[in-house]
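**Student:** Okay, here's the structure, questions in a sec.
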Amino acid sequence: MAVTYTWKISTCDYNVATGGIDHVHWRCVASEGDIALTTMGVAKLEYDASASDFIPYADVAENNALDWVWESLREGEETATQAKDRVEANLSTRVAEKQNPTESQGLPWAS
């Protein structure tokens, strides 16, 4: 079985007057079998409502917002795709840890 990833946008904060989105609230769920782990965040966006590639709130599709999120997650020379893959790899590592824990806790005398 392989880990599957589901990226979703929870909500967008936008300027009513310009239609510009300035924050995108996102989450990514990694699941395999009965294990599901989530990471989430808020992407802060900068927009120019007069730019030729500006997309007003009413015309934004979820794939636009996800592209903006992945772009905002970039570190250093990463591409947006590499940033997305890094988040997924981190979640995959956490899923593997849940499946095969290397640490635990308890009271040995209480067993």
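**Student:** Can you order the peptides 16-28, 42-54 by their average number of other Cβ atoms within 10 Å per residue, highest first?
**Tutor:** 16-28, 42-54
**Student:** Let me ask something else about it. Could you work out how far helix 62-72 tilts from the main Cα principal axis of the chain, as a 0 to 90 degree angle to the nearest 10?
**Tutor:** Taking the Cα atoms of the chain, the angle to 62-72 is about 80 degrees.
**Student:** Which FRET efficiency, nearest 0.05, do Glu103 and Arg27 yield, Cβ-Cβ r, R0 25 Å?
**Tutor:** 0.45
**Student:** Quick one: if you stick a label point 7 Å off each Cα along the C-beta vector at Met40 and Gln82, how many nm between them?
**Tutor:** Placing both labels 7 Å beyond Cα along the Cβ direction yields 3.0 nm.
**Student:** In percent, how large is the relative contact order of the chain, given Cα pairs closer than 8 Å and 6 or more residues apart?
**Tutor:** Contact order relative to length: 23 percent.
**Student:** Put +1 on the Cβ of each Lys and Arg and -1 on the Cβ of each Asp and Glu in the chain; which of His25, Ala2, Trp109 then has its Cα farthest toward the positive end of the dipole?
**Tutor:** Trp109
**Student:** Given the Cα-Cα distance of Thr4 and Asn63 and 0.36 nm per residue of separation, how much length would full extension add, in nm?
**Tutor:** 19.5 nm
**Student:** Angle check, please: helix 80-99 long axis (alpha carbons) against the longest principal axis of the chain (alpha carbons), in degrees 0 to 90, nearest 10.
**Tutor:** Roughly 20 degrees, rounded to the nearest 10.
**Student:** Find the relative contact order for segment 13-58 and round it to a whole percent, using C-alpha pairs within less than 8 Å whose residues are 6+ positions apart.
**Tutor:** The normalised contact order for segment 13-58 reaches 40 percent.
Bear in mind that the values in this text are calculations on the coordinates, not laboratory data. As the structure is a computational prediction, the values presented were derived from the model and not from experiment. Note that each Cβ is placed from the backbone with ideal geometry, even for glycine, and that neighbours are counted across all protein chains shown.
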